[in-house]
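Enquirer: So that we are looking at the same thing, I have put the structure below in structure tokens.
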Amino acid sequence: MTHGLEWPSLTVQFFPSVKKLADGQKVGAIGGTSKSVAEQHEFLIGTHTTGEQNYLMVGTVNLPEGDTVVDEEVQTVEDGPNKKQKTESNDQNPVITPVTNYNQEKSELGGHTPTSNLVGKIEIKMKIPHSGEVNRARFMPQNHFVVATRGPGDEAYVWDLSKHESFTNDTTPTPQLVLTGHTGEGYGMAWCGVPGEENAGRLATCSEDKTVMIWDVKAALAEGKNGKVVSPTATLKYHTDVVEDVDWHNMDANMVGSCGDDRCVCLWDVRNGSNEKPVHVVEKAHGGDVNSLEFHPMNEFLVATGGSDGVVKLWDMRNLKSPLQTLKGHTADVYSVHWSPFNESILASCSADRRIALWDLSRIGAEQSPEDAEDGPPELLFLHGGHTSKVSDFSWNTNYEWCLASVSEDNVLQVWSPSEDVYCEEDDDDEGGDNEKEDPGMKPRTEILGDDELE
């Protein structure tokens, strides 16, 4: 599904909340009525305008139960609660409704069962005035109403969505907290998601000022005062250039990772406080700026990085002398890497080459035919070629396996999934044991689309 936004978004993140829909009415959370025809998934985006008011926004997309809608163009006038929605069809962007519209070139499903006009609908449900463009927006794992944002200034902001109107004529930004301490713009930001009440509200940010800052916003939020200024609990200094990204370890509440334009990857023990050196440093981790870093959600020792050298690297934190694996498939800077929430071996990355790559680490080293080798290494499971401009950010849907959302610089939001043929293996236990069977290690993979095919 391709959705035209009024302004481009630099950020996107699926919320974990899902509602079932039936006959045009919401009927409760999952586990309720059995009459539902669609599931409503919420996502978080922002605007990057040219001289106009910017907004932090919450949107919804309706997906069929058990399937994903892709490659349908929906344009929405996002001007308030009475916005009008229209679906346009032309030779370049046909509106697809057949059940089995399979795109052989992209290995993606291009249609859905038209059981209800709910399916495929995208709406903006909340618009909160924001100071400058929204560089990044991320919700707190322990409380999804709490969202942290970065803009073009030095400050970071924390918002409690439950305290804001869905739409307002007042364009004055009123965040609950203003985090002051950085002296430059930034993008990277991560909440501590380790279970435990003591970890709720811990936030890490990074900046062009070459620092990583640690914040504890729980107590300040409890005061309930809008615009309260909060100072960092620690400032981590080692990087010698812009710090591009930061992530919090998923199992160790004291470990934070950072990466930057100095080509370094740093691992920090936040208990050491300010001005202490990182516990581990990887110098020259990439052949260019290191733009993204993410710890594995299930493997405590694995971390992925993406760089301006166009590659994704995997690192074992027990031995950081050299990367565990280098993944090659992009043709330009890699901007973001995100692990699948469902599959331990699946990693995704987005790039300035307009592609989002899905990698299957279980296929590393698998044998290939010469024809398959021309499309990339065996671990390159899939390349999403739907965007026609640089991809700014993407997010896995934590409630809908193999479903992702992505945003690009040309005002486009896409919600998509590869065809099941891409990731499902043949059942080798079926009848016909004497028949030749496909190597179970070789899953089907999409072709790499050229520019002419995209057009």
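No lab work stands behind these numbers, since they all come straight from the coordinates. Note that the structure is predicted; figures quoted are calculated from it, not measured. Methodologically, a virtual Cβ is constructed for each residue, glycine included, from the backbone with ideal geometry; neighbour enumeration extends over all protein chains shown.
Enquirer: Could you put HIS48, HIS182 in order, starting from the residue whose Cβ has the fewest other Cβ atoms within 10 Å?
Expert: HIS48, HIS182
Enquirer: Related question: Just to verify a number: FRET efficiency for ALA373 and SER345, C-beta to C-beta distance, R0 = 22 Å, to 0.05?
Expert: Step by step, r from the Cβ atoms, then E = 0.60.
Enquirer: Taking the Cα-to-Cβ direction at LYS328 and at ASP269 and moving 7 Å from each Cα, how far apart do the two end points lie in nm?
Expert: Taking the two extended label points, one gets 3.8 nm.
Enquirer: Which whole-Hz couplings ³J(HN,Hα) result when phi for each residue of the stretch 408-423 is put into the Karplus expression 6.51 cos²θ - 1.76 cosθ + 1.60, θ = phi - 60°, listed in order with x for Gly and Pro?
Expert: With coefficients 6.51, -1.76 and 1.60, one gets 9, 5, 9, 6, 9, 10, 10, 10, 8, 8, x, 4, 4, 4, 6, 10 Hz.
Enquirer: Please identify the chymotrypsin sites (Phe, Trp or Tyr not before Pro) of the stretch 350-412 that satisfy two criteria: DSSP loop assignment and at most 15 other Cβ atoms within 10 Å. Which are they? Could the numbers behind the result be given before it?
Expert: Details: sites: TRP359, PHE382, PHE394, TRP396, TYR400, TRP402; in loops: TYR400, TRP402.
The qualifying sites: there are none.
Enquirer: Something else: Go through the stretch 153-235 and name the trypsin sites (Lys or Arg not before Pro) that are in a DSSP coil and have 11 or fewer other Cβ atoms within 10 Å of their Cβ. Let's see the in-between values first.
Expert: Details: sites: LYS163, ARG202, LYS210, LYS218, LYS225, LYS228; in loops: LYS210, LYS225.
Answer by residue number: LYS225.
Enquirer: Of all GluC sites (Glu not before Pro) in the stretch 276-343, which ones are in loop regions per DSSP and have a Cβ with at most 10 other Cβ atoms within 10 Å?
Expert: Here the sparse-neighbourhood loop sites are GLU283.
Enquirer: Label point 7 Å out from HIS144 along Cα-to-Cβ: which residues of the stretch 169-204 have amide N under 15 Å?
Expert: No residue qualifies, since no backbone N sits under 15 Å from the label point.
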